Amino acid sequence: NAGVTQTPKFQVLKTGQSMTLQCAQDMNHEYMSWYRQDPGMGLRLIHYSVGAGITDQGEVPNGYNVSRSTTEDFPLRLLSAAPSQTSVYFCASSYSTAGGYTFGSGTRLTVV
Amino acid sequence: SQQGEEDPQALSIQEGENATMNCSYKTSINNLQWYRQNSGRGLVHLILIRSNEREKHSGRLRVTLDTSKKSSSLLITASRAADTASYFCATDAGNTGNQFYFGTGTSLTVIP
């Protein structure tokens, strides 16, 4: 099993550009989430999904969209990149609300 | 706002000593989890403790939970240099969805 796969690992964007961060898991997990990690801020929840076709907002959803058309994939789309979105982004999945998360290795995004 | 806060922010100990870090949270929970993050990597799930449990062990890890004080502690016994990492607690805020909120973490350095 590959676990949770995130692509790309690194990305530099110009302000105003859009892009999609990919996340795929092969563990048949229903629950998936996106977090961003900034120095001194810990991890903050952006969006999450409890199953295919179901998504909801977390703590810091503004400027991001998600979709969950399949159980395996949970892409995060930046609509119009801003320097404040410079961060490390982590995707995670879990089999249930009572289970631990499996994290991807992260995408380091810089917006200039 | 984040649900959990870890204390201390940073901890430096000698190899072989025990390391204790604490987590406080704000609202009622169903369960609390601890994660480890090595520098530049994704988070790794260590242990989950349910709200009706008071203590849980996993190898050299011991987690306690005091729901009356809304706090948890993680004890790592006989620390090793390989334990050097950041440690985060995550709580589910007592809701039914799989929204886990992370604290800002404790940075542990184990000196060989």
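Every number here is computed from the coordinates shown, using simple stated rules; none is lab data. Computed from a predicted model, the values in this text were never measured in an experiment. Neighbour counts run over all protein chains shown; Cβ positions are idealised from the backbone, glycine included.
The slack in the chain from A:Met27 to A:Met41, taken as 0.36 nm per residue of separation less the alpha-carbon distance, amounts to 2.1 nm.
Charge tally for A:His29 (other residues, Cβ to Cβ under 12 Å; Lys, Arg +1; Asp, Glu -1): -3. Of A:Gly42, A:Gly53, A:Gly63, which has the largest mean-square fluctuation in a 10 Å C-alpha GNM of chain A? Sorting by GNM fluctuation, first place goes to A:Gly42. Under the combined filter of DSSP loop state and at most 12 neighbouring Cβ atoms within 10 Å, the range A:1-69 retains these trypsin sites (Lys or Arg not before Pro): A:Lys9, A:Lys14. The mean number of Cβ atoms from other chains found within 10 Å of a Cβ in peptide A:37-43 is 6, as a whole number. Annotation for the range A:38-66 versus the range A:78-96: alpha-carbon center distance of 7 Å.
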